[in-house]
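In what follows, a structure is listed as structure tokens, so that the remarks can point back to it.
The values are calculated or read from the model by the stated rules, or taken from the named source; none is laboratory data. Keep in mind it's a predicted model, so treat the numbers as computed, not measured. Here the Cβ positions follow ideal geometry from the backbone for every residue, glycine too, while neighbour counts run over all protein chains shown. Side chains included, ligands, DNA and RNA excluded: accessible areas come from the protein's heavy atoms. Shrake-Rupley method; radii C 1.70, N 1.55, O 1.52, S 1.80 Å.
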Amino acid sequence: MKVKRLLGSLAAAGTLTATALALAAPARAAANKVTITITPSDASALPGSLDPHGIPVQAKASCSDPFCSVDGLSLTISGPDGQVGTATGKNDSLSSATASYTWDTEPQAKRNGSYTISASANEGGVLNLAFKGVFSGSATVKLNNPPAAPAGVKAAIDPSSNVPVVTWSANPEPDITGYEVFRSGDGSGAAAFSVKGTSFQDNDAPKGKPVSYVVVAVRNSPVYSGGITSCNTEAPCQSPPTGNATAAVNVPEAAPVSVATADPAPGSKPAGPVREAVVLAPVKPAPIAAPSLPTKVVQLPAPNVVQFAPLLPYSGKIPEVAVPTTDVPAPVQAQGGADTGHSSLALPGAANAKVTPVNAVKYVATAAFLVVAALHITRFARKLTASL
């Protein structure tokens, strides 16, 4: 009986001790903190010597106190274009956890720049009986991927200027800042030219020599102020890279000459310089505008033409003309009484006074002329008066 009581007392004491330890554990672990370690470390330049398609990123949370526990570890990578990737940690033990992520920087990180790796974990007491808080850590890395070598590099001679023109395809990276074009083969070493677009006209290319061109892309960089190139160095490249595509072309001696010439004979080829037919055409001078002066339009009457009234056909009759009595002396009869071929003119006042046919016609014509002339003069006078 005494033995049973002793065993019961020991069991009760053990239970109370365990309960006291469990209740006292949080108080002892109150000062414990979770330590979070991130790899790559802060301010690292990536990829460096690492594979840009598989950079290992890791966050490790741990606490050394036996009364501390860790759970709920998470990892996030974010950059200029937003979130890149996430990972959830797994517990290695009650007091430690690890989260790992393989970062393919080229397709996922569209731009070079600063990226933040952040991690957080929960801390608890022994057997996670008490929650003590959330601990976090972060590291900022600099992504500095070089651009790809430009593709589609071609060189040709521009027929209008007779100088080489180099063209290429635009790079896929969104943060390309320009290109460098290297010319070599002229015996004077490589010459570099900075270009913003995707073509370059080499006006200074040596005449009569074969030359080759290499194009290098320049990309924005958080490490180099001038950018990073396809040479994987800071811009500009000191020498053309050997792995990039090369375009070669032969530069002519001089520009083609155009001369006026006749067409070659049928079936034959023109010899000598390039010949072009010249078509000459008269040049019409531009008309010169006369100065405008103030004018006044005056309507002049139409010229009058005096028309003679037609004479009626002679009927053979001598018109009778009454001769008034005047003081005109009578004509003298021809001496000798010879017949002159004309009828005699009777004296005025004579009973048988007559006029010869010739004189009668003259009188009628003169009278008609005077009447027509008087009519025309009157009409002309009226028009002239109306226009003034």
Checklist entry - Roughly how many Å² of Val218 are accessible to a 1.4 Å probe, to the nearest 10? => result 10
Checklist entry - Glu253 accessible area, nearest 10 Å², 1.4 Å probe? => result 140
Checklist entry - Under a no-solvent Debye model with one identical scatterer per Cα of region 40-82, what's log10 I(q)/I(0) at q = 0.24, 0.26 Å⁻¹? => result -1.00, -1.09
Checklist outcome for this item: Once both label points are put 7 Å beyond Cα along the C-beta direction, the Asp92-Ala190 separation in nm becomes 4.6
Checklist entry - Between their Cα atoms, which of Lys60/Lys90; Lys142/Lys196; Lys154/Lys207; Lys90/Lys110; Lys110/Lys142 are more than 21 Å away from each other? => result Lys142/Lys196; Lys90/Lys110
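For Val134 and Gln201, calculate 0.36 nm times their separation in residues minus their Cα-Cα distance, and state this gained length in nm to one decimal. Can you show the working numbers first?
Values: separation 67, 0.36 × 67 = 24.12 nm, distance 6.16 nm.
Result: 18.0 nm gained on full extension.
Kirkwood hydrodynamic radius, computed over distinct alpha-carbon pairs, for region 73-169: how many Å, to one decimal? Before the final figure, lay out each step's value.
On the way: mean 1/r = 0.0570 Å⁻¹.
Every distinct Cα pair counted, the radius reaches 17.5 Å.
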